[in-house]
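Structure first, commentary second.
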Amino acid sequence: MTRSEDQGPAITPRTRAKARHILDHYYIGPSRDASVLEIWGYTERMTYAPGELLALRVSTTAREWDLEIGRDGATYEVMHRESGLKGVHQRTPKDCSVTGCGWEVTYEFRIPDDWREGGYLVTLRAEQDGDRVEEHHLFLLRRAPEKPAAPFVLICATGTWLAYNCWGGSNHYEGITGPEGKSFSPVVSTQRPWSRGFCKLPAGAPRAVPDTPHKPGDMVRYPYMEWAYSYGYSKKYASAGWASYERHFARWAEAEGYEFDFATQHDLEADPDLLKDYQCAVFVGHDEYWSANMRHAVDSFTEGGGRVARFAGNFLWQTRIEDQGRTQVCYKYTADLDPLVASDREHLVTSAWEVFPANWPGARTFGVNGLKGVYAGLGRCVGQGSGGFTVYRPDHWAFEGAQLGYGDQLGAGARVFGYEVDGLDYRMDDGLPFPTGLDGADLGVQILALGLATNIEPDHEIWGETLYIGNSDAVFKAESMFGVCTDETLDRSSRGNGAVIYWQRGLGEVFTASTCEWVMGLVRQDRQVEQITRNVLNRFGNCQPL
Ligand SMILES: [Fe+2]
């Protein structure tokens, strides 16, 4: 049989390396050229309290710059403006992604006592010789200590923000480190600006899950990476950051009247008792990187009667937070290079949670596992899925009033399922899924809804296409879970799922939506996703120990 012109194997990014390509590593960072108008800034910490001094470290090639600080709540509210600030162009080390920028403080501001808790956007603007530039930073403001605690605390996924922040060249995915200057960095610093698109995005910026399922016959597309490349945003803007995830939840929750306090995973690391003042801890979006200390904080909270609502997905890697929170370590696929290997702290090696030497499945904290889930709605990985979950237990309290029946699709219209999801090993009995417990999940976990995910991107041999995910994640999973990659272990490592679960854990409760894109159900006003979110918050924000 002769091939027609539009057939032939898809090619790999490596074979395309000589042409610039949206899948290549590119990054946002300083131009290091005084003739290029730019402005960047960061703060030493991610969270502040009213009354504290906010110390901005700004570097700009402009003679003067303007500052705006605004509360990014249900509506954006300008809180502070200053213009004509003197510009200072600061030296940025080449390895700033790893070691930090080391910039001097150029602006200090005492946060007024009456500022409300929330996410605060810091806008830096400069204009010179007809050019204009604007970049953003963000900090979380805690509730003033004299105010009574809110029922809820939103714990921002700063471990994942950091892992994807490409500012300066390197993150936990790609980079300019290593002997050849083109490796990812297992060590990243908080002491640098957030990449463009992490703090603020145009309303129409594409999501990682496209708006419609893939149409057979069309070429695979990655609208978010195409958009990022076209407009100079971070290649990873749709993967992490306030603007893509937490912001959407915070705005929705505030508009609905829920009272929230704000903190980060890094705050949990620094203060393991942080959750004790709250009824319910909420996690949102893409939530992939956690330290052991952060997990212990959540576990002791739920054991003691706390409620956890995790409208998030992709619980995968163990990290270590070092240097008083300024550095995050995650060796990931190269965990054998982690200096703690063969030490008396080997359990803290930064591998995937479910495999040696961490051996602490995520399911023991959140009821689901990262390696049992993964891609859905990303390129050809379940690219023709419905975009929602199949409902199995419509009578569960979490679904009350959502008008869902057995077999219905939940959230498909809003495309909530993806782009990475968490799942668990399950068996079917009389048309209902039950956890097998083989992956560390408690047998008391109730599976309310399920969708399918994959670790292998199918290659339909469409000429001109480029594989993105390929099978590398499945190879990693096969090697780390089965010790060797064979056809059989690769096959067993290819399939996953995303599961909405409820679990009574200790004296507390856990609800996990297991998907990064749950927030899109709120943004796009999917009434069923909104109703379930309300059900969970209403129960968890106002209840007694079980
Ligand atoms: Fe991820």
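What follows is calculated from the coordinates using simple rules that are stated; it is not laboratory data. None of the values given here were measured: they were computed from a predicted structure. All Cβ positions, even for glycine, are placed from backbone atoms using ideal geometry, and neighbour counts span all protein chains on display.
For region 408-494, a/c is not less than 1.5, where a ≥ b ≥ c are the root eigenvalues of the C-alpha gyration tensor, and a/b does not top b/c. That puts it in the oblate class.
Once the Cα-Cα distance is subtracted from the 0.36 nm per residue extended length, the ASP211 to GLN384 segment shows a gain of 61.1 nm.
Strictly greater than 17 Å: what percent of every Cα pair in region 269-379 meets that? Present the calculation step by step, with values, prior to reporting the outcome.
Values: 3439 of 6105 pairs.
Result: 56 percent of Cα pairs exceed 17 Å.
Taking a point 7 angstrom from the Cα of ASP459 along the C-beta vector, which residues in region 24-44 have backbone N less than 19 Å away? Only 24 fall inside the zone, counting backbone N under 19 Å. Give the percent of DSSP beta bridges with both residues in the chain that are antiparallel, rounded to the nearest 5. In the chain, DSSP labels about 75 percent of beta bridges as antiparallel.
Where does region 44-92 land on Rg(C-alpha)/(2.2 N^0.38 Å)? Present the calculation step by step, with values, prior to reporting the outcome.
Details: Rg = 13.1 Å, N = 49, 2.2 N^0.38 = 9.7 Å.
Scaled against compact globular proteins, the figure is 1.36.
Over the chain, all Cα pairs binned in 20 Å intervals from 0 give whole-percent P(r) values of 22, 57, 20, 1, listed from short to long.
Where a ≥ b ≥ c are the square roots of the eigenvalues of the C-alpha gyration tensor, would you call region 402-546 rounded, which needs a/c under 1.5, or, failing that, prolate if a/b is larger than b/c, or oblate? Oblate. With helices as the sole contributors, the chain gives -4500 deg cm²/dmol at 222 nm; each DSSP H run of n ≥ 4 counts as -39500 (n - 2.57), and the sum is divided by every residue.
Protection proxy ranking of 516-526, 346-356, by the mean of other Cβ atoms within 10 Å over each peptide's residues and highest first, is 516-526, 346-356. Seen from ALA263, the other residues with C-beta closer than 13 Å to its C-beta sum to a net charge of -4, counting Lys and Arg as +1 and Asp and Glu as -1.
Region 323-395: percent of C-alpha pairs farther apart than 18 Å? Walk me through the intermediate numbers first.
Working: 1567 of 2628 pairs.
More than 18 Å apart: 60 percent of the Cα pairs in region 323-395.
The charge dipole of the chain, taken about the Cα centre with unit charges on the Cβ atoms of Lys, Arg (+1) and Asp, Glu (-1), comes to about 600 debye, rounded to the nearest 20. With the simple spin-label model, which puts each label point 7 Å out from Cα in the Cβ direction, the SER31 to SER183 separation comes to 3.2 nm. Projected onto their three principal axes, the Cα atoms of region 309-462 cover extents of 52, 45, 30 Å, largest first. Measuring between alpha carbons in the structure, the pairs from LYS94/LYS477; LYS86/LYS235; LYS215/LYS236; LYS94/LYS236; LYS236/LYS372 lying more than 27 angstrom apart are LYS94/LYS477; LYS86/LYS235. Distance between the modelled labels on VAL341 and MET79, one decimal in nanometres: 4.5 nm (7 Å Cα→Cβ projection).
To the nearest 0.05, how large is the calculated FRET efficiency for ASP323 and GLU104 if R₀ is 25 Å and r is the Cβ-Cβ distance? The partial results should precede the final answer.
Working: r = 19 Å, r/R0 = 0.76.
The calculated FRET efficiency here is 0.85.
Could you state the per residue volume, in Å³, of the convex hull enclosing the Cα atoms of region 235-307? Don't skip to the answer; put the middle values down first.
Details: hull volume 6.6 nm³, N = 73.
It comes to 90 Å³ per residue, whole-number rounded.
Decide, for region 463-538, between rounded, prolate and oblate: order the square roots of the alpha carbon gyration tensor eigenvalues as a ≥ b ≥ c, take rounded if a/c falls under 1.5, and otherwise choose prolate if a/b is larger than b/c, else oblate.
Working: a/c = 4.47, a/b = 1.64, b/c = 2.72.
It is oblate, given that a/c is not under 1.5 and a/b is not larger than b/c.
Given region 189-294 reduced to its alpha-carbon atoms as identical point scatterers, what log10 I(q)/I(0) does the Debye formula return at q = 0.16, 0.17, 0.20, 0.22 Å⁻¹? The calculated log intensity ratios at q = 0.16, 0.17, 0.20, 0.22 Å⁻¹ are -0.88, -0.96, -1.16, -1.26. Couplings 3J(HN,Hα) of region 407-424, computed from phi: x, 5, 8, 9, x, 5, x, 8, 6, 7, 8, x, 6, 10, 10, 10, x, 8 Hz, in residue order, whole Hz [Karplus 6.51 cos²θ - 1.76 cosθ + 1.60, θ = phi - 60°; x for Gly and Pro].
A protection proxy built from the mean count of other Cβ atoms within 10 Å ranks the segments 277-286, 302-311, 104-113, most packed first, as 277-286, 302-311, 104-113.
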